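One structure below.
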Amino acid sequence: MIKFTIDGISSEVPNGTTILKAARSLGKHIPTLCHLKGVNNSGSCRVCVVEVGPKLVSSCSVLVEDGMNIKTNTTKVREARKTVVQLILSDHKRECTTCIRNEGCELQALTSSLNIRDIEYEGKKTKAILDSLSPSITRDSEKCILCGRCVNTCAKVQSVHAIGFNERGFDTIVSPAYVKSLDDVFCTNCGQCIVACPVGALYEKESIDEVWRAISSPEKYVVVQTAPAIRSALGEEFGMAKGTRVTGKMVAALRRLGFDKVFDTDFTADLTIMEEGTELINRLQSGENLPLMTSCCPGWVKFIEHFYPDMLNNLSTCKSPHQMEGALIKSYFAQKMSIDPRNIINVSIMPCVAKKFESAREELSMEAMQDVDYVLTTRELARMIKEVGIDFVNLPEEDFDNPFGESTGAGVIFGVTGGVAEAALRTVFEILAGKELETVDYNIVRGMEGIREAQIDLPNGLTITSVVAHGLGNAREVMEMIKSGEKEYQFIEIMACPGGCVTGGGQPIINADYKMDNDIRLQRAKAIYDEDEAKVLRKSHKNPYITRLYEEFLGEPNSETSYKYLHTHYVK
Ligand code: HC1
Ligand code: SF4
Ligand code: SF4
């Protein structure tokens with residue numbers, strides 16, 4: 001243990017503890033800006049300075065040493081922090097009232113907590129570049145504070161390296177190489193850079209106006225569906241505790257916004273299990289295109305297209321659940337309701353910005369109609385609810401509409417890493433056993449380890465080796481192990497975002513300070529697993545509306561009709 005003194009209090013910490021961490025353990029809250037736990041601890045912004053002897057040091061990057069005398073609250077410290085923030089503000093497009101991150105911006109909060117009332121230094125400004133060519137992400141150089149949180153997230157967590165520090169000196173800018181557009185580089189659109197950004201320099205491409213226009217257009221029939229992960233996080237935008245499950249209130253809010261039908265993407269998550277489970281059984285029997293890789297995450301699909309194109313045939317041919325639902329709404333549902341599918345507008349509420357890119361893909365359209373017309377993130381939905389003044393917290397709980405409103409617990413757990421694999425196991429086991437099985441929870445694929453392998457003995461005597469990975473850095477590791485022949489798997493689930501969709505690029509943004517002491521992935525995952533447990537039906541093939549859909553429209557899993565509407569193929 002290391003003995004030290006902080007503001008006159010003696011204490012001790014294990015070797016290797018930063019001053020920042022040591023201070024927090026004693027209830028001293030040192031402000032930070034560029035620091036992001038596990039991602040960025042360069043100490044470059046110097047907001048977290050403290051006095052050690054005659055020097056000011058960055059507390060997030062300097063380790064406590066034996067006998068250290070640390071002072072966190074001196075005039076020198078307070079003045080230094082103020083100067084740092086004033087300098088940042090002097091080259092910042094200060095338009096808080098109209099900024100997308102107003103009230104959620106870490107720089108704004110810091111300015112307020114440091115009691116900064118004026119900015120003494122005004123000088124040269126960063127070159128203004130508004131890159132809005134990407135279908136998912138907008139980048140505004142005038143808001144960027146060069147903290148590097150996004151750069152390190154993209155490089156270290158996602159292993160994509162789509163953005164970096166470019167140009168030199170004062171002209172330094174965070175952008176893709178050669179200051180290209182995000183749309184012109186190997187960006188996967190995962191949006192993890194957005195949730196890492198402390199300010200409004202990176203944000204989702206909004207579609208709120210287009211959706212309002214559709215809702216107010218009398219000839220349009222506007223259908224909305226919500227992804228599994230939305231219910232675990234939407235409440236946060238209205239001050240509810242992190243990880244509060246708000247399924248019923250979310251449905252009620254969507255009805256009050258004016259959507260004609262409120263459907264659940266979880267329904268087609270169940271359908272995906274029927275289609276992908278059948279595909280898995282077929283591939284295991286034929287031995288072709290193994291390992292089977294999940295295809296529901298568009299960030300992962302784009303990653304494999306860019307970095308491992310020769311493995312595209314290993315992807316499941318299933319469209320992602322919300323795309324399946326979009327295709328069914330414009331076919332099966334339109335026929336049932338006698339509506340011209342050209343008058344239907346499909347809106348998906350997703351925890352994801354890559355879904356914006358996905359919904360515009362040519363492979364996901366039929367007869368010149370996109371399966372899904374607009375994707376809104378959880379954050380955009382919250383903005384719409386606030387815009388019309390709905391009292392979200394006090395809304396009653398309402399149920400989804402049918403025929404796409406009923407789902408099993410297996411559909412819900414898609415929202416968290418390991419969920420697709422577990423849902424598949426629940427169904428594949430029973431199909432192969434030919435009888436009902438008591439096992440529902442397959443804990444072997446759960447958890448937050450980046451790469452989780454499992455050997456699973458199936459009832460027909462076969463053993464499958466599966467692996468679950470989340471975060472594209474982990475995905476790359478898995479792919480390299482396969483390429484080198486070090487590992488052989490039959491089934492692979494990959495989600496681009498660390499934690500899975502619960503912490504997708506479109507979810508409510510959690511500030512770095514909260515992340516220091518809490519794992520938001522676990523908090524939201526708990527909401528998902530609680531909903532699964534509360535369901536009477538927890539296996540996809542038990543969903544009565546799925547059975548009915550096969551009877552009335554699709555025939556059987558992997559039928560010709562299924563292929564027409566629910567499957568696709570990505571080629572590069
Ligand atoms: Fe996901 Fe999916 S789980 S991809 O993470 O397969 O976005 O929530 O909707 O489509 O179901 C996202 C979440 C979501 C699809 C499903
Ligand atoms: Fe990198 Fe993902 Fe951001 Fe693209 S969206 S720049 S891949 S973190
Ligand atoms: Fe989108 Fe989920 Fe994939 Fe993240 S993990 S890119 S939120 S689908």
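Each value in this text was obtained by applying a stated rule to the coordinates, not by laboratory testing. This is a predicted model, so every value here is computed, not measured. Heads up, the Cβs are rebuilt from the backbone with ideal geometry, glycines too, and the neighbour counts pull from every protein chain shown.
Relative contact order of the chain, please, whole-number percent, based on alpha carbon pairs below 8 angstrom and at least 6 residues apart.
So the answer I get is 15 percent.
Taking H placed 1.01 Å from N in the peptide plane, check which residues at least 5 places from V185 or on another chain put their amide H under 5 Å from its amide H.
HN-HN under 5 Å from V185: empty list.
Can you find, among T465, I546, P298, the residue sitting farthest towards the positive end of the charge dipole of the chain, where Lys and Arg contribute +1 and Asp and Glu -1 at Cβ?
P298
Label segment 450-572 by shape, choosing from rounded, prolate and oblate, from the square roots a ≥ b ≥ c of the eigenvalues of the Cα gyration tensor; if a/c is under 1.5 it is rounded, and otherwise prolate applies when a/b is larger than b/c, oblate when it is not.
oblate
Could you work out the Kirkwood radius for segment 159-228, taking every pair of different alpha carbons, averaging 1/r and inverting it, reported in Å?
Radius from the Kirkwood sum: 15.3 Å.
Please list log₁₀ I(q)/I(0) at q = 0.12, 0.18 Å⁻¹ for segment 96-232, using the Debye equation with identical point scatterers on the alpha-carbon positions.
Scattering profile of segment 96-232, log10 relative to I(0): -0.60, -1.12.
Need the list of lysines near K21 for cross-linking: C-alpha distance under 16 angstrom, and skip anything on the same chain fewer than eight residues off.
K3, K37, K71, K515
Could you work out the local net charge near T294, counting Lys and Arg as +1, Asp and Glu as -1, over the other residues with Cβ closer than 11 Å to its Cβ?
-3
On the principal axes of its Cα set, how long, how wide and how thick is segment 2-87? Give whole Å, largest value first.
So the extents along the principal axes, rounded to whole Å, are 35, 30, 21.
Hey, what D do you get for segment 368-464 in µm²/s if you plug the Kirkwood alpha-carbon radius into Stokes-Einstein at 10 °C and 1.306 mPa s?
92 µm²/s
How big is the charge dipole of the chain about its Cα centre, in debye rounded to the nearest 20, if each Lys and Arg gets +1 on its Cβ and each Asp and Glu gets -1 on its Cβ?
For this selection, approximately 2040 debye.
Give me the percent relative contact order of segment 130-208, please, defined on Cα pairs under 8 angstrom at least 6 residues apart.
41 percent
Check each of the GluC sites (Glu not before Pro) in segment 196-227 and keep only those in coil by DSSP with at most 12 other C-beta atoms within 10 angstrom; list them in order.
Counting only loop positions with at most 12 other Cβ atoms within 10 Å, the GluC sites (Glu not before Pro) in segment 196-227 are E219.
Compute the acute angle (0 to 90°) between the alpha-carbon long axis of helix 265-286 and the principal axis of greatest extent of the alpha-carbon atoms of the chain; round to the nearest 10°.
It is inclined by approximately 70 degrees.
What full-extension length gain, to one decimal in nm, is calculated for Y514 and D171 as 0.36 nm per residue of separation minus the Cα-Cα distance?
Answer, rounded to one decimal: 120.3 nm.
How large is the charge dipole for segment 477-572, taken about the Cα centre, if only the Cβ atoms of Lys, Arg (+1) and Asp, Glu (-1) carry charge, to the nearest 20 debye?
180 debye
Under the classification rounded if a/c is under 1.5, otherwise prolate if a/b is larger than b/c and oblate if not, where does segment 397-516 fall, given a ≥ b ≥ c as square roots of the Cα gyration tensor eigenvalues?
Here segment 397-516 falls in the oblate category.
With labels modelled as points extended 7 Å from the Cα through the Cβ direction, what inter-label distance (nm, one decimal) is found for M1 paired with M337?
Here the answer is 6.6 nm between the modelled labels.
What per residue convex hull volume, in Å³, comes out for segment 304-372 when only alpha-carbon positions are used?
Considering the Cα atoms of segment 304-372, their hull volume per residue is 103 Å³.
How about segment 461-544: which GluC sites (Glu not before Pro) there are in a DSSP loop, with at most 10 other Cβ atoms within 10 Å of their Cβ?
E486, E488
Please list, short to long, the whole-number percent of alpha-carbon pairs of segment 61-124 in consecutive 10 angstrom bins beginning at zero.
Over segment 61-124, the share of Cα pairs per 10 Å bin runs 17, 41, 26, 13, 2 percent.
With unit charges on the beta carbons (Lys and Arg positive, Asp and Glu negative) and the dipole taken about the Cα centre of segment 2-87, which residue among G53, S42, M68 sits farthest to the positive side?
The listed residue farthest towards the positive side: S42.
What does the C-alpha gyration tensor say about the overall shape of segment 509-572? Classify as rounded when a/c is under 1.5, otherwise prolate if a/b is larger than b/c, or oblate.
oblate
As I understand it, the value is the acute angle between the Cα axis of helix 247-257 and the longest principal axis of the Cα atoms of the chain; what does it come to in degrees, rounded to 10?
In the chain, helix 247-257 runs at an angle near 90 degrees to the longest axis.
Mind giving me the FRET efficiency for N282 and A109? R0 is 41 Å, r the Cβ-Cβ distance, nearest 0.05 is fine.
Working from the Cβ atoms, E equals 0.15.
On a full-extension model of 0.36 nm per residue, what is the gain between K483 and I431, subtracting their alpha-carbon distance, rounded to one decimal in nm?
15.6 nm
Taking a spot 7 Å from the Cα of K125 along the direction of its beta carbon, which residues of segment 83-103 have an amide N less than 16 Å from it?
Counting backbone N atoms under 16 Å from the label point, the list is 88-99.
Magnitude of the Cβ-charge dipole of segment 86-208, K/R +1 and D/E -1, about the Cα centre, nearest 20 debye?
Taking the Cα centre of segment 86-208 as origin, the dipole is about 220 debye.
Can you work out the FRET efficiency for the pair D118 and M369, with r the C-beta to C-beta distance and R0 = 60 Å, to the nearest 0.05?
0.60
Roughly what would the spin-label model give for E560 and L133, points 7 Å off Cα along C-beta, in nm?
According to this spin-label approximation, the distance is 4.4 nm.
More than 30 angstrom separation, counting every C-alpha pair in the chain; what % is that?
Pairs farther apart than 30 Å: 53 percent.
Would you mind getting me the FRET efficiency between K526 and K220? Use the beta-carbon distance for r and R0 = 41 Å, nearest 0.05.
0.60
Rounded to the nearest 5, what % of DSSP beta bridges with both residues in segment 219-566 are antiparallel?
Counting only bridges with both partners in segment 219-566, antiparallel ones make up about 30 percent.
Distances longer than 17 Å among the Cα atoms of segment 248-343: what percent of all pairs is that?
Of the Cα pairs, 63 percent sit more than 17 Å apart.
May I ask you to list the residues of segment 99-137 whose amide nitrogen lies under 17 Å from a point 7 Å from Cα along the Cα→beta-carbon direction of N73?
113-115
Can you tell me which of 171-179, 562-570 comes out highest on packing, and rank the rest after it, using the mean Cβ neighbours within 10 Å?
562-570, 171-179
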